[in-house]
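What follows is a short report on a single structure.
The values are calculated or read from the model by the stated rules, or taken from the named source; none is laboratory data. Just so we're clear, the structure is a prediction, and the values are computed from it rather than from any experiment. Don't worry about glycine lacking a Cβ; one is built from the backbone with ideal geometry, like all the others, and counts go over all protein chains shown.
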Amino acid sequence: MPQPDLVIWPESSIAMELRRVYHYLKEGAVALEASGTPIMLGGYRNIGGRMFNSFMQASNPDKYYTKRHLIPFGEYTPDWPFIDLSQFLPEQDMDNLKEGLNQQSLISVAGVKLAVAICYEILFSEELRHDWKEATVLVYISDLSWFKDTWASPQLLQMAQMRAIESGKPLVTSTNHGVTAIIDSHGVITQRVEGEAGYIDGVIIPKSGSTPYTNYGSIYIVGLCFLFVLLGVFRALYVSICRQN
């Protein structure tokens, strides 16, 4: 088996604050990267006393992406006026995470630029598309152990396929339960593995450039729908006038 250019582990690969285990993690990661294989993984970073769900390079945690769209009640408790919801909810280790910045630098590693989505961020293409123009590969990591063998895993995989089509870029998914896959720029799954254990050793061809959706989002789709509605109205008026004459 040839040595990989890049290794991608799923969300919550390190299911605790990174500093607790970084000494042990760095030793192995540096040794592996010395042979030319960087490791990217999901974990939790403490930045200025605030905790973030992150995707980072194992040997260099300063090269990271922090999740922007958090799950209410799962990753944070909504701050509603006049009601302290925390007293009604069970205490969790990671229930007070903070949102990452809307504008973040892409991760450059192994000769590619990665645009990242963590967990259900993959649903929100309008929020993600701004990163796609400069990216050459999309990465989607998730912790699907919450959902086990429900409809969530295939649904999120379909969402990932849509993001690949919209961006015109290849996409790599890495999950700890469910489907891990390589998806080409046309949304076709070229390799996949399912379950709680396994790996994919595949080839990804980075792509540059942008699609109309990357540049303009849903506005042109809404515009086309509006145009078809107008054409339908004009046709109905034309038919009505012709019948009267």
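For the range 1-54, which residues satisfy the criterion of being surrounded by fewer than 16 Cβ atoms within 10 Å (Cβ to Cβ) and part of a loop (DSSP other than H, G, I, E, B)?
Result: Met1, Pro2, Gln3, Asp5, Ala15, Met16, Val21, Ser35, Gly36, Thr37, Gly48, Gly49.
Sort out which residues of the range 162-182 are closer than 12 Å to Trp132 by Cβ and of a type outside the set (S, T, N, Q), and write them in order of number.
Arg163, Ala164, Ile165, Glu166, Gly168, Lys169, Pro170, Leu171
Residue by residue, here is whether (1) surrounded by fewer than 22 Cβ atoms within 10 Å (Cβ to Cβ); (2) of a type outside the set (S, T, N, Q) holds:
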residue	(1), (2)
Phe124	yes, yes
Glu127	yes, yes
Trp132	no, yes
Asp149	yes, yes
Gln158	yes, no
Arg163	no, yes
Ser167	no, no
Val172	no, yes
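Restrict the check to the range 19-30 and report whether at least one residue is more than 26 Å from Ser145 (Cα to Cα) and at pLDDT 80 or above.
No, the range 19-30 contains no residue that is more than 26 Å from Ser145 (Cα to Cα) and at pLDDT 80 or above.
Looking only at the range 5-22, filter to residues that are in contact (Cβ under 8 Å) with a residue 40 or more places away in the chain and either of a type outside the set (Gly, Ala, Ser) or not assigned by TED's automatic domain parsing to the domain that holds Asn96 (or both); which one of those is farthest from Thr66 (Cα to Cα)?
Going through the qualifying residues, I end up with Asp5.
Considering each residue of the range 134-147, count those that are surrounded by fewer than 19 Cβ atoms within 10 Å (Cβ to Cβ) and closer than 26 Å to Lys207 by Cα, and give that number.
1
How many residues does the range 123-179 hold that are free of Cβ contacts under 8 Å to residues at least 40 places away in the same chain, on the phi > 0 side of the Ramachandran plot and out of contact with any Pro (no Cβ under 9 Å at 6 or more places or on another chain)?
1
State yes or no: is Glu121 closer than 23 Å to Ala15 by Cβ and either in a helix (DSSP H, G or I) or not assigned by TED's automatic domain parsing to the domain that holds Arg45 (or both)?
Considered against the rule, which asks whether it is closer than 23 Å to Ala15 by Cβ and either in a helix (DSSP H, G or I) or not assigned by TED's automatic domain parsing to the domain that holds Arg45 (or both), Glu121 comes out as yes.
Test Ala197 against the stated conditions and say whether it is surrounded by 19 or more Cβ atoms within 10 Å (Cβ to Cβ) and of a type in the set (Gly, Ala, Ser).
Working: surrounded by 19 or more Cβ atoms within 10 Å (Cβ to Cβ): no; of a type in the set (Gly, Ala, Ser): yes.
The answer is no for Ala197.
Anything in the range 1-35 that is polar (S, T, N, Q) and under 20 Å from the mean Cα position of the chain (by Cα)? List them, or say none.
First pass over the range 1-35, keeping only residues polar (S, T, N, Q): 3, 12-13, 35.
Matches in the range 1-35: Ser12, Ser13.
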